[in-house]
Amino acid sequence: MSISALQSERAKYQPKLPNSLKSYVKLVEGEKTQSVADQKDIQELFPNTYGMPLINFEASNEKKTYSAVNVGVILSGGQAPGGHNVISGIFDGIKNLNPESKLYGFLGGPGGLVDHQYIELTSEFIDEYRNTGGFDIIGSGRTKLEETAQYDKGTEIMKQLNIQALIIIGGDDSNTNACVLAEYYAANNSGIQVIGCPKTIDGDLKNDMIETSFGFDTATKVYSELIGNIERDANSAKKYWHFIKLMGRSASHIGLECALQTQPNITLISEEVELKKQTLSEIVDYMADIIARRASNGESFGVALIPEGLVEFVPEMKALISELNDLLVEGSESEQKFKSFTSKSEGRAFVAGILSSDSAKVYTLLPSGIADQLTLDRDPHGNVQVSLIETEKLLGEMVKTRLGEMKKTGDFKGKFSTQYHFFGYEGRCAAPSNFDADYCYSLGYNASFLIAEGKTGYMSSVRNLTAPAAEWIAGGVPVTMMMNMERRHGHMKAVIQKALVELDNAPFKYLAANREKWAIETSFVYPGPIQYWGPTEVCDQPTKTITLERAK
């Protein structure tokens, strides 16, 4: 593998650990737990792993001897900076507890477990990946572990390799699957433990015990550098409005954090739009008003941040998408009729005619390109592929139309030119920040102690993250504690509850208190690139979000 100068230097970085994990460790059990909701249903589904206590690890003077253990590890779902350090931490942890322990990586995600694709991870192999971004050490995948046949195939290879514990590194769905797997193996007395690690750049896997998911810090710093660069360009050229869509389908944590770091003129938060039941026209009016006010001050430029999943939170758009999914379902009469039109304009006219009056009104207001995306770019089940909708262009075109109307009435005197951006993949495999390098290594190292203590159905938890790493609190949280029942594909399922942006929490309140000033004044902040060497105040700081959330 070719190695850059940065990677060579980063390999020398020794991630910091909580003091409680540095030498001898004592396990301290806390209170018994229950799920965040639907306690009776969750307990019935997870009788062997429900109600387990919270766990903290504390420094001890008493040395304990641990047996050698073979451990399997899986990277699941989308990439996030720091995954390699989780694996490095697991490896160093189990080797520190007993040098005879072995670590096996299943290739290509959960499918590697089912298909028996694996490699043994050795020191020489892992050393090439320490403190680097990406998941290329063993690859990732989106295979869901949901069927007993899959569990049994996994059991076969783990028995063959004498693996006593499996660590699944993933987001909310992956850790839900990890808990289901832990319950299955416990119910069948297989002797296989399952531990989860919290990963997702979206930031929606968090609670009191999981203060942040790994990768969020690095990804938002990468995006904020890019946004800051664009802000500086806008402030230099003074002629463009930049509409920037940011990754984050279900929650707006990325957009909020990037706004706190860069102070753009406009920040849309999906959860706020949903709560206020804002229409598309109201959002467009809000944006157009800010653009017009800045233009009256001689500043026909600015930056707007737009969450990827915004359209699903606009009530009228949500209703429109739901209707389209029903009307154009594969094989239906209306779908066949729609596909018979050779002209896109005729197809749009047909769709407008079969929608309810409210949805038809919204549909006909949409730019033709966006209307076509709603009807033509559909998944194999006939559903709208919301992630493909170019929301930034939708808003840009509608704002342009609105400003044209305002110019006729004298309410807009200026110029409006747009540039469009979508930041997503740019941040998923970045070299981890010092915070993520330390946090991920600690999560993996901590997981090795959960395994050594015989635990299953737990997620590795490292807390108190606004303090120096030495003061972080390591332990474990039962995955069932984070679960509730939700409807998925027509059936009620136990899943980890997604954490959306909470509008009564400090991070959003800070945005709300400052957004008017940032809207009209040019208050841009240019964070610059991630810093790896230098003062702690520059290099080791966590996100603005967690700093505001944990402020005393």
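The values are calculated or read from the model by the stated rules, or taken from the named source; none is laboratory data. The structure displayed is predicted, hence computed values, not measured ones. Note: ideal-geometry Cβ built from the backbone for every residue, glycine included; neighbour counts use all protein chains shown.
Miscellaneous remarks
- T176 polar (S, T, N, Q) and more than 27 Å from A430 (Cα to Cα): no
- Qualifying residue in segment 273-285 (condition: at pLDDT 95 or above, buried (at least 21 other Cβ atoms within 10 Å of the Cβ) and outside any helix (DSSP H, G or I)): no
- Residue count for segment 343-375, restricted to those that are within 14 Å of E316 (Cα to Cα) and among the charged types (D, E, K, R): 2
- Listing of helices (runs of 4 or more DSSP H) fully contained in segment 116-207 that carry 3 or more residues being touching a residue at least 60 places away in the same chain (Cβ under 8 Å) and in contact with a helix residue (DSSP H, G or I) (Cβ under 8 Å, 6 or more places away or on another chain): 172-187
- So I163, is it over 24 Å from C429 (Cα atoms) and of a type in the set (V, I, T): yes
This table checks each residue for (1) hydrophobic (A, V, I, L, M, F, W, C); (2) assigned to a helix (DSSP H, G or I).
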site: A360; (1), (2): yes, yes
site: D372; (1), (2): no, yes
site: K393; (1), (2): no, yes
site: M398; (1), (2): yes, yes
site: E405; (1), (2): no, yes
site: G410; (1), (2): no, no
site: Y420; (1), (2): no, no
site: F435; (1), (2): yes, yes
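- Helices (runs of 4 or more DSSP H) (entirely within segment 499-552) containing at least 1 residues that are closer than 24 Å to L205 by Cα and in contact (Cβ under 8 Å) with a residue 60 or more places away in the chain: 506-520, 544-549
- Residues that are out of contact with any strand residue (DSSP E or B) (no Cβ under 6 Å at 6 or more places or on another chain) and assigned to a helix (DSSP H, G or I) were ranked within segment 20-43; the one that is farthest from A59 (Cα to Cα) is K40.
- Any chance S35 is of a type in the set (G, A, S) and either over 27 Å from the mean Cα position of the chain (by Cα) or more than 25 Å from M481 (Cβ to Cβ) (or both): no
- Close contacts from segment 79-98, counting a first residue that is in contact (Cβ under 8 Å) with a residue 40 or more places away in the chain and a second that is of a type in the set (K, R) and surrounded by fewer than 24 Cβ atoms within 10 Å (Cβ to Cβ), with Cβ to Cβ under 7 Å and a gap of 6+ residues or different chains, come to Q79/R428; A80/R428; H84/R130; N85/R130; S88/R130.
- Among the residues of segment 114-170, the one identified as in contact with a Ser or Thr (Cβ under 6 Å, 6 or more places away or on another chain) and among the basic types (K, R) is R130.
Here is a yes/no grid of residues against (1) surrounded by 19 or more Cβ atoms within 10 Å (Cβ to Cβ); (2) farther than 27 Å from L246 by Cβ; (3) outside the structural domain of I230 (by TED's automatic domain parsing):
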position: Q336; (1), (2), (3): no, yes, no
position: R348; (1), (2), (3): yes, yes, no
position: Q373; (1), (2), (3): yes, no, no
position: L376; (1), (2), (3): no, no, no
position: L394; (1), (2), (3): yes, no, no
position: K407; (1), (2), (3): no, yes, no
position: K415; (1), (2), (3): no, no, no
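- Positions within segment 475-517 being under 23 Å from I546 (Cβ atoms), touching a strand residue (DSSP E or B) at 6+ places or on another chain (Cβ under 8 Å) and among the small types (G, A, S), in sequence order: G475, G476
Results for (1) within 23 Å of the chain's Cα centre (by Cα); (2) of a type in the set (V, I, T); (3) within 19 Å of G396 (Cβ to Cβ), shown as yes or no for each residue.
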| position | (1), (2), (3) |
| --- | --- |
| I227 | yes, yes, yes |
| F243 | yes, no, yes |
| Q263 | yes, no, no |
| V273 | yes, yes, yes |
| K276 | no, no, no |
| I290 | no, yes, yes |
| G298 | no, no, no |
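- Test: Y66 is part of a loop (DSSP other than H, G, I, E, B), in contact with a Leu (Cβ under 7 Å, 6 or more places away or on another chain) and either in the same structural domain as G154 (by TED's automatic domain parsing) or farther than 16 Å from L443 by Cα (or both): yes
- In segment 480-536, the residues that are of a type in the set (A, V, I, L, M), surrounded by 18 or more Cβ atoms within 10 Å (Cβ to Cβ) and over 30 Å from T33 (Cα atoms): L511, A519, I530
- Those residues of segment 302-330 which are more than 24 Å from the chain's Cα centre (by Cα) and either free of Cβ contacts under 8 Å to residues at least 12 places away in the same chain or within 30 Å of G414 (Cβ to Cβ) (or both), in sequence order: G302, E316, S322, D326
- Per-region count, segment 67-78, residues buried (at least 20 other Cβ atoms within 10 Å of the Cβ) and either free of Cβ contacts under 8 Å to residues at least 12 places away in the same chain or more than 18 Å from K199 (Cα to Cα) (or both): 2
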